[in-house]
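Q: Sending over a structure as structure tokens; questions will come in a sec.
The values are calculated or read from the model by the stated rules, or taken from the named source; none is laboratory data. Quantities reported herein were computed from a predicted structural model and do not represent experimental measurements. Heads up, the Cβs are rebuilt from the backbone with ideal geometry, glycines too, and the neighbour counts pull from every protein chain shown.
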Amino acid sequence: MIDIIYRIGHFVLITVFSMALGLLFMGIARKIVARIQKRYGPPVYQPYLDVLKLFGKDAITHGFIFDFGAIMALGGVIATLFFIPLGSWQLYSMEGTVILVIYLLAIASLGMAMGTVGSGNPQASVGISRALMQMLGYELPYLVILFALIYRYQTSSVWGLMQAQAGSFLNWNLFAYPLMAAVAFVVLIGMMGKKPFDSMIAPSEIGSGPVVESGGKYLGMLLLQKSITIIIELALYVNLFLGGAENILIFTFKMLIVWVLATMFGSLFPRFRIEDGIKFFWKWPLGIAILQAIYIIT
Amino acid sequence: MLTNYIFIPIAAAFIAYILNKRNRKAGAVITALVSAYLLLSLTALYGRWDITQSFNLSLMGYKIDFLLAVNPLSWLFAVMTAAISILIALFSINSQENFKFSSVFNLNFLIIIGSMIGIVFARDFLTLFIFWELMTWTSFYLISAGKKKMAGRAAYRYIILSAGAAYAFLMAAIFIFQQTGSFAFDSAAEFLVANSPAQSIMLLLVISLPFIVKAGIFPLHIWVKDAHGNAPKEFSPFLSGMMLKIGIYGMIVVFYQLSFFKIIENTIAYRGLPLLSYLFALLGAVTIITGTILAIRQEDMKKLVAYSSISQMGYIIIGIAIATPLGFSGSMLHLMNHLIFKSTIFLALAAVIYRTGTTKMYEMGGLIFRMPLTFAAYLTAIIALAGIPPTNGFISKWVIYQALIEKGYLFLAIAAFFGSIASFMYVFKPLSTVFLGQLKPQHQNIKEVPLLMKIPMLILILVIVLFGVFPGIQMNIINQISGYLGIETVNYTLYSIQGANGAWNSLLIFNIFSAGFIIALLLFSFAKKSKLVGLLDTYSSGEYITDAESYHYAYQYYRPFDRLFDNLAAKSLTDFYETLTKNLVRSGEGLRRALAAGKLQNYALYSVLLFVILAAVGWII
Amino acid sequence: MVNLTLIIAIPLLMSFTMPIFKMLNQKLPKVIALLTTAFNLLVLTANFSQIMDSAIIIELGGWQAPLAINLYVGPLALLAAFLINGSAFILSIYNLTQDYKFDDKFYLLFLMITAGASGMVMTGDLFNLFVFIEITSIAAYSLTAFAGRDSYEASFKYLVIGGIGSVFMLLGIGFTYSAVGSLNLAEIAASAGLINPLLLQITALLFLIGVGIEAELFPLNFWVPDLYTEAPTAVSGIMSGAVSAAGIYALARIFFTLFPAQSFLNYLLYLGAITLILGELIAYQQKNIKRMLAYSSLAQMGLIVAVISLGTEGAVRAGLFQLVNHSILKILLFISAGVLISAAGSKNIDDLAGLGSKKKTAAFGFTIAAMGILGVPFLNGFISKFMIISSSLNADQFLLTVLILLAAVIEIAYYLKVVQKLYFEDLKIEVKKTAVITIPVVLLTLMIFGLGIYPQLIADPLEKAAAELINNGSYIMTVLGGM
Amino acid sequence: MNNNFVKGSWQEILDWAQNKSINMLHYCTGCGAIELPPTMTSRYDMSRFGIGPAATPRQADLLLVTGYLSTKTLRRLIYTYEQMQAPKFVVGFGSCTINGGMYWDSYNTIKQLDKYLPVEMYIAGCMPRPEAILDGLLKLKKMIADGEADGYQRYQDNLEYYHQNQEAVLGEVQRTQ
């Protein structure tokens, strides 16, 4: 019985921690982008305020599917959280496999997609169709990288892949397979929907895409979902390429570095058109990933 | 004893035909009863793999014996046929009210069930061929009973392809019969192994032709889209659920029972896999890619789901062709799961067609408000099809991935990844265009489908989730099959499967997923209660919209993505076959005009000419 | 043991007294035709068991073998005679519901054709064979002309080609008679060795062309499409069912007894194969349903000739069984097509759309026969197709098997186009009243399913007939030995 | 439910959060819209006070009416206002929203915005410069923090009055529930 309470407590703690961390990272990103644009930008804790304000506001709903979508999105993402080792907290990452994490992320995006399209607003459907097309674009190189890593280390669990890079920082995958790390970095930006690949939530073209109808607590839940997704994807990248970490602090620090680099990288480029985005993903990242995979297999 | 599983449905077919003439629902009720009987008696048969039955016949001087036997593989297929036919029969009891050919439907449907069980129990080429022909013919009549003009053409193309392949099969079978003196599989297997590899490979390829056509593998898949797209709405689930699988059953028989793998053992190999089976795997991969790309483009939802069946069959072919224990059990798992979720999708779509009358996606929208259960069935099925964890679809795909990664087949893996990620796209398209989005005025007063159509959908939802959480149920029959076919088995428990480099525990994932869901639900209900607002009250930059039609994004849902593949899709394979038949017709016309132009004096001249030519020929020799 | 010559004598007698019956009562000729064909069948069944043990030889006109005209009725002849009189019987049932302009003359010729065909099949004498061929052809020329304006042209075409054929045949008989000095088939076969090979070659060719026209081989069969399309349904039925069967019997009898060398049979093989492929290809894009059936029966005849000329016992058995099946199926096809055409008022396939719902029995008959020809299991076509493929594979004629299968696929293509139009398309035209043909359709369907499910019925006579055809030594012995 | 406002401590926290993060929907009705880009970008950077642009009325709290208002735009403005959610505020720019400004005698402009929508604050200036806008917005933030910015409450309380004025000008106006 105690074990269950401990487990539930652990469960809630991890969720709150990653939500807070995710929002902090989003605040830091807004700060960095402002600094690049030579302006002060909102305080770092601005996202917390936004979330608090949003949960205070009234909201409208378009029926059952609209609510169910938002809940499923957040629920799916929280569930995915527990299959990735965050520094020393290895949670259930022994059990699940990397491919499972990719597909669990798909639950969240499917939930969000269903909810927002349920609102009946065409801009939401256009946004979702762009998001799915782009997902096909960046998932392919990512899965080829995972294929190569799993084949190389003969284990598909995230914990196993992380342990394989133990020892000195020289045998991190970043240094063992630099090309693959670079491709994974570009794919990371695509996954998080940051600047060059954010045509799905383009505020000017399609009224911020899928979230066009979500105000109040729905927008708040989607913000929380976005924050946890950022943490998951960063954690995945750190575990696979930067050798994970002994304790949570170093792990957060590594995530921060990757996050800052990604934001800087992102804020320089204009937005891709959707088919150019797919073409880009399938031309360079996929090509390099396949070459790397062939190198590993033979 | 086995024959009554075959001849009861066929006999019931004629009764159903007569009764259905009087009362519309009788035929479907009889089909349901017969398939219920079949399912019960077949499940009772479980475990008794030693029942055989054979009767021989000296037919016009040939001594022929017809052998029937049960083995785990055929038992699984028979049970699957019976199960899916009950659901379809239940569904079609009142979905056929205004269906002109409903008595023809029940007649042919029962004969197909009987002949399919016959195919599956057959242990020699001739019985297999007879029931195969019977199935092909009755499904021809069934498909052409579908949508007016196109169904005829689709059935026509289907029958020519499968008949041509079936005749090639007959020729090869008779050739083997002449060499070995009997049609049985085992004597043929011995002969083929002993025979020179080149000839036996040729023979086996010709024998596998009808199975390739029926499984809709790449070069011969052109009939699948039209046949599934235009068949009557109750028959499409059976067509894409079960009929494609019989092709796979045939491939398994060719690969393992006729020892195709043993024969090609020593041929040149690529990464430890004989080139020929790698070729089959490549064919599977190409089927996945073409099926997916074409599925994304479709505007007619039944054609879209038909193409998705083609691409899902590609997975099964890859699984079987790479001939590893994981691969085989992965493909068998996927075979069962595909049957379950594909027939759920087709049943849900049939319910939608039953209510709205159209299959074009852009003519519908917002049906979730009127048909919630159909939406729930469709949602669970597409979650399974896309391979999202808590459902059974993910497990089979994951096992196939494990098999591919274990042996490091990169290109097959890329095709598999592409297929499953792109399946999110073509699976979400009907969901958003048909069920979500704006509810059209003409669909305002649509009601949910009657009870009898709800039951099959409910059962299938439960089965999807059940097998999603406890794959062990499926695994124990699959392991018996692998044992029977001589492949090592994969170890598993009730809710986890041991892959090559990582285990899979579905119960744990289900718990964590529900925990996450509860947290989100708490967060949601903690905040202020939201106000329900109508569908038309959406942000449209200030303008107030009144007609739902102009406000539903459905037509060409993935236009940017399709633009990348426009030229590939344009030169599809069907034109290749169309030009083939056109030249055939033109050659016939040319011959007729040249020779039989109706001028009498030519005819008289021909007889004299013949005499002169033959005399000259005779004189030279 | 009723004397077999009655089979020829009674129909001839009845036909020439037909005008008198017409005067007595309007309906009488139809009934008389039915009775005579039924009588023929009875006579044949009476002698069935006796012939099965050993062939019956009947001398006409009291002279001894070399001079007299003798009838040789072995199992093969019995099978062919059964086929001819059977189809005549069913067609006369069909005729009960039809009425023709000069019906007494129609039935006169109808009985003449049956008598001629039965005679062709039973004769053991070469010149007698020529006489019976002439009787059948003349009856056929005039019968085709019964269907109004453009059937005259068809019968004229058949007249000219038939005439040329008989000229060639007469030349052949002249050559053989001059070389051997006797007209009796067994006599010629016995002394075949004496004739110098070149003369043998020429006479073989002459006979090939002479009888080839009856057996519808490639260059000689261009009268067939016009005849079957324009002639009345009953006539095309009897022609395709009975007369072409008799033609093939005569061709096989001559080639297997007089010129048994495989080199001659190869001619037949190649011609048969060409007829098969040509017939199927042209039939594929026909718009007129009867013309399509004509080309298809032409192709089937080519197939039968090709299979029989393979020379092995299995092949001959397969060919004969296909011949029997083909006659049954073709007659059913022609009868149902006849009704469908009269219902739709035009022979064009597109106008037949949707008739399945209105003309149930005719459409059902057409579908069953089409599926029979295409080799659907549990129907008779399947067994004969199976035997054909295995016998041609046995004679390791690999190319021929591929050709047969290709032809089968093309066949499926054009037959199914019609079946689909009948059942699954909407009715375009208003349906006219037509004759009721339930009895012949039911009879034929029973035969199709009977032979399909339990082919043993016909296995024994087939076996004996094939054996008799192959070893002509025993044939010579029985005929000359009896002297 | 939300109109019997309980001045509990929870509400104060929400007001505090509201003023710290305001999503602004600038409906470019008149010539004032051009002033907003400079206020948002590097030179004046309004985002440092937590105020940022919002793409849709659903996500917006603040509605900026920048300049003169023609009757046609009034209808769109009303729909947008009603699509925004409860703690929402309206700020009018320039004199045109106060008394019609230089278009005081034109036949097709709205002379007094306050008759149709509850306006929290006006920012003077024939199109106020960014500094003026920032100063105004800071003033607004203080009002929100003190709980005085209850325009949406006023609109709710005398809905009838506002609807009559709107229908007087526009004739029939589409109402959401």
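Q: Pull up the stretch A:243-266, narrow it to residues that are small (Gly, Ala, Ser) and within 17 Å of the chain's Cα centre (by Cα), then point me to the one that is nearest to residue A:166 (Cα to Cα).
A: That would be A:244.
Q: Within the stretch B:99-106, is even one residue buried (at least 24 other Cβ atoms within 10 Å of the Cβ) and at pLDDT 85 or above?
A: Within the stretch B:99-106, one or more residues are buried (at least 24 other Cβ atoms within 10 Å of the Cβ) and at pLDDT 85 or above.
Q: Checking the condition surrounded by 24 or more Cβ atoms within 10 Å (Cβ to Cβ), under 27 Å from residue B:92 (Cα atoms), of a type outside the set (Ser, Thr, Tyr) and within 12 Å of another protein chain (Cβ to nearest Cβ), which residue from B:431, B:436, B:460 passes?
A: Among B:431, B:436, B:460, only B:436 is surrounded by 24 or more Cβ atoms within 10 Å (Cβ to Cβ), under 27 Å from residue B:92 (Cα atoms), of a type outside the set (Ser, Thr, Tyr) and within 12 Å of another protein chain (Cβ to nearest Cβ).
Q: Let me ask something additional. Within the stretch D:135-154, can you find the residues that are touching a helix residue (DSSP H, G or I) at 6+ places or on another chain (Cβ under 6 Å) and part of a helix (DSSP H, G or I)?
A: Those that are touching a helix residue (DSSP H, G or I) at 6+ places or on another chain (Cβ under 6 Å) and part of a helix (DSSP H, G or I): D:141, D:144, D:145.
Q: Would you kindly identify the helices (runs of 4 or more DSSP H) lying entirely within the stretch C:228-287 that contain at least 1 residues that are without any contact (Cβ under 8 Å) to a residue 60 or more places away in the chain and closer than 28 Å to residue C:146 by Cα?
A: So the answer is C:244-257, C:262-284.
Q: Also: Of the residues in the stretch A:56-80, how many are charged (D, E, K, R) and either assigned to a helix (DSSP H, G or I) or under 15 Å from residue A:211 (Cβ atoms) (or both)?
A: Here the count works out to 2.
Q: Out of all the residues in the stretch C:358-381, which are assigned to a helix (DSSP H, G or I) and within 17 Å of residue C:407 (Cβ to Cβ)?
A: Scanning the stretch C:358-381 gives C:370, C:371, C:372, C:373, C:381.
Q: Mind listing whichever residues of the stretch C:303-314 are in a helix (DSSP H, G or I) and away from chain B (no Cβ under 12 Å)?
A: C:303, C:304, C:305, C:306, C:307, C:308, listed by residue number.
Q: Related question: Could you check how many residues of the stretch B:266-285 are within 14 Å of residue B:411 (Cα to Cα) and in contact with a Leu (Cβ under 9 Å, 6 or more places away or on another chain)?
A: Residues that pass the stated criteria total 5.
Q: Okay, next question. Does residue B:568 satisfy the condition of being surrounded by fewer than 15 Cβ atoms within 10 Å (Cβ to Cβ) and in a helix (DSSP H, G or I)?
A: yes
Q: Would you be able to tell me the number of residues in the stretch D:89-108 that are outside any loop (DSSP other than H, G, I, E, B) and surrounded by fewer than 20 Cβ atoms within 10 Å (Cβ to Cβ)?
A: Looking only at that region, the number is 5.
Q: Go through the stretch A:162-197 and report how many residues are within 14 Å of another protein chain (Cβ to nearest Cβ), over 27 Å from residue A:272 (Cα atoms) and either within 19 Å of the chain's Cα centre (by Cα) or outside any helix (DSSP H, G or I) (or both).
A: Number of matching residues: 1.
Q: Can you tell me which of B:210, B:237, B:219 is assigned to a helix (DSSP H, G or I) and modelled with pLDDT of 90 or more?
A: Criteria check complete, one pass: B:210.
Q: Quick test of your reading of the structure: residue B:531 fulfils all but one of (1) more than 14 Å from chain D (Cβ to nearest Cβ); (2) more than 36 Å from the chain's Cα centre (by Cα). Name the failing condition by number.
A: Residue B:531 satisfies every listed condition except (1).
Q: Tell me which residues, restricted to the stretch B:536-559, are within 25 Å of residue A:107 (Cα to Cα) and buried (at least 19 other Cβ atoms within 10 Å of the Cβ).
A: Those that are within 25 Å of residue A:107 (Cα to Cα) and buried (at least 19 other Cβ atoms within 10 Å of the Cβ): B:552, B:553, B:554, B:557, B:558.
Q: On to the next question. Which of (1) under 23 Å from residue A:154 (Cβ atoms); (2) outside any loop (DSSP other than H, G, I, E, B) is the odd one out, the single condition residue B:376 does not satisfy?
A: Every listed condition holds for residue B:376 apart from (1).
Q: Further question on the same structure: Which condition does residue B:555 not pass, out of (1) over 30 Å from residue D:83 (Cα atoms); (2) more than 10 Å from every other protein chain (Cβ to nearest Cβ), if it passes all the others?
A: If we test residue B:555 against (1) over 30 Å from residue D:83 (Cα atoms); (2) more than 10 Å from every other protein chain (Cβ to nearest Cβ), just (1) comes out false.
Q: For residue C:212, indicate whether it is away from chain B (no Cβ under 13 Å) and at pLDDT 85 or above.
A: So residue C:212 fails the test.
Yes/no per residue for (1) more than 12 Å from chain A (Cβ to nearest Cβ); (2) assigned to a helix (DSSP H, G or I); (3) of a type in the set (S, T, N, Q); (4) closer than 27 Å to residue B:76 by Cα:
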position	(1), (2), (3), (4)
B:475	yes, yes, no, yes
B:487	yes, no, no, yes
B:490	yes, no, no, yes
B:508	no, yes, no, no
B:516	no, yes, no, no
B:521	no, yes, no, no
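Q: Is it true that residue B:41 is in a strand (DSSP E or B), without any contact (Cβ under 8 Å) to a residue 40 or more places away in the chain and either touching a Phe, Trp or Tyr at 6+ places or on another chain (Cβ under 9 Å) or not assigned by TED's automatic domain parsing to the domain that holds residue B:458 (or both)?
A: The answer is no for residue B:41.
Q: Also, quick follow-up: Kindly provide the set of residues from the stretch A:264-283 that are in a helix (DSSP H, G or I), in contact (Cβ under 8 Å) with a residue 60 or more places away in the chain and away from every other protein chain (no Cβ under 11 Å), ordered by number.
A: A:264, A:265, A:266, A:267, A:280, A:281
Q: Looking only at the stretch C:176-190, which residues are surrounded by fewer than 18 Cβ atoms within 10 Å (Cβ to Cβ) and part of a helix (DSSP H, G or I)?
A: Scanning the stretch C:176-190 gives C:177, C:178, C:179.
Q: Quick check: anything in the stretch B:186-206 touching a Phe, Trp or Tyr at 6+ places or on another chain (Cβ under 8 Å), at pLDDT 85 or above, under 23 Å from residue B:576 (Cα atoms) and more than 8 Å from chain C (Cβ to nearest Cβ)?
A: yes
Q: Quick one: how many residues across the stretch D:79-88 are of a type outside the set (Ser, Thr, Tyr) and in a helix (DSSP H, G or I)?
A: Residues meeting the conditions: 2.
Q: For residue B:142, only one of the following conditions fails: (1) at the interface with chain C (Cβ under 10 Å from one of its Cβ atoms); (2) under 18 Å from the mean Cα position of the chain (by Cα). What is its number?
A: With respect to (1) at the interface with chain C (Cβ under 10 Å from one of its Cβ atoms); (2) under 18 Å from the mean Cα position of the chain (by Cα), residue B:142 is out only on (1).
Q: Of these, B:130, B:117, B:86, which one is at pLDDT 85 or above and surrounded by 24 or more Cβ atoms within 10 Å (Cβ to Cβ)?
A: Residue meeting the stated conditions: B:117.
Q: Going through the stretch C:322-345 one residue at a time, which ones are surrounded by fewer than 20 Cβ atoms within 10 Å (Cβ to Cβ) and under 27 Å from the mean Cα position of the chain (by Cα)?
A: C:342
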